[in-house]
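What follows is one structure encoded as structure tokens, with my remarks underneath.
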Amino acid sequence: MPPAQPTLARLRLRPVLPRDRHESHRAASSLELFFDLVFVVAVSFASVSLHTLEVEHQAWAGLLNYCMVFFAIWWAWMNFTWFATAFDNDDWLYRVTTITQMAGVLVLAAGVPQSMEHGDFVLITFGYVIMRLAMVSQWIRVASNSPRFRMTALKYAAGITVVQLFWVLRLLLPAEFGVLSFFVLVAAEVLVPIWAERKTVTPWHSHHIAERYGLFTLIVLGEGLLGSANAIVNGMTDSEHVLPLIVLAASGLIVVAGMWWIYFAVPQHSRLGNLSQSLKFGYSHYFIFAAAGAVSAGIEVAVEFYAGHTELTNTEASLTLTLPVAIFIIGVWVLTIRPKNPLVRARPIVNTIIPVAAVFIAMSAFTPWAEIVTAMIVVLIVATLVVATAEARESTETSPGLVD
């Protein structure tokens, strides 16, 4: 027994060793699901602040701040998710460290309104740094317990620590350097995994990762359902605008349900092969998640428009909904449907219909009832995928091995 083992046993700790990347029946743990709950709060605050800024004719500033804030939310979630798939040992220290990260998320969430509406990033930065430094302690445990991944873990620990130092120092910069310095540090953050995993790749579990990303997609889509519910509530209390608000609620439900259907139309674990493919999968989801989170804000803006509580034009209000939906669909198509997916091979026209339909969704903002048009086009995309996947599955009966 290595010298460190008796000490771990006395402390009721398990060594942090790599999980089997081919482990059968690997599913999200209750701790991971609990961890996700705090991100519901953070995403909700970001969506509400975006809605507020869009209604107040500050759409561009709101969108920029939303993208910045959402990076902090997404990056903290993603780093925990990839670490957990490779090294989750579920001892008491791992759980306590994870709960510490959750505390950081709550601090971050509390700072979202100040950062988005007033440009004050102090609180959100400290919440983010709490989460990231907790992750450093996890990587130090890996370096101590797993000789094979020691160098990779030390690179992660060092890279994350240095970048967090610069996030704090960024708060001292003049306001005019705020946006530029933010994107410089974002580049530094996303380069850390590429640098750390260049020689020794951590053992992620492809089915587990695909499930975790699917669960986070449900979180951000849930915000859209909240927007539809608010439309119903407002419709019940505003008899003058009840019809358009109820139509909006129905259309919003159809759109969000369609987005769910499109995302889960084909299996995604096959996109997690080598390091390059996995980085593409993980990083590209930023746009998918952020767009899905923004859909809720778009529905809320439409509620304000039909209730007469904003001076936005119909087109301006509609764009806050149609653009995020279009970006979400394009993102899912590029990432999981377009790249020679066997489940749509039987219907190559799918790769024409989906991007063209997404463009029409964006353009529907220039029509009087954009939410209805958007809902109809989303239904068309879903129908196309249903036919394509059904035909592909039928073809596997005569061509085994077509579908992974």
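Quick notes on this structure:
- Taking the criterion of being hydroxyl-bearing (Ser, Thr, Tyr) and at pLDDT below 90, the only residue of region 19-43 that qualifies is SER24.
- Residues of region 96-125 that turn out to be without any contact (Cβ under 8 Å) to a residue 40 or more places away in the chain and farther than 19 Å from SER49 by Cα, as a count: 5
- Every residue from region 308-340 that is more than 23 Å from GLU56 (Cα to Cα), in a loop (DSSP other than H, G, I, E, B) and modelled with pLDDT of 80 or more: ARG338
- Of the residues making up region 32-62, those that are within 26 Å of THR98 (Cα to Cα), β-branched (Val, Ile, Thr) and more than 16 Å from the chain's Cα centre (by Cα) number 0.
- Any pair with Cβ under 9 angstrom, 6 or more apart, that starts in region 261-276 at a residue that is among the hydrophobic types (A, V, I, L, M, F, W, C) and ends at one that is part of a loop (DSSP other than H, G, I, E, B): VAL266/ASN341; LEU272/TRP204; LEU272/HIS205; LEU275/GLU197; LEU275/ARG198; LEU275/VAL201
- Options VAL190, VAL163: the member that is aliphatic (A, V, I, L, M) and out of contact with any Phe, Trp or Tyr (no Cβ under 9 Å at 6 or more places or on another chain): VAL163
- Hits in region 80-121 - residues which are farther than 19 Å from ARG212 by Cα, touching a helix residue (DSSP H, G or I) at 6+ places or on another chain (Cβ under 7 Å) and β-branched (Val, Ile, Thr): THR97, THR100, VAL107, VAL112
- In the condition set (1) modelled with pLDDT of 85 or more; (2) assigned to a helix (DSSP H, G or I), LEU343 is compliant with all but (1).
The values are calculated or read from the model by the stated rules, or taken from the named source; none is laboratory data. The shown structure was predicted, so the numbers you read here are calculated from the model rather than taken from an experiment. Don't worry about glycine lacking a Cβ; one is built from the backbone with ideal geometry, like all the others, and counts go over all protein chains shown.
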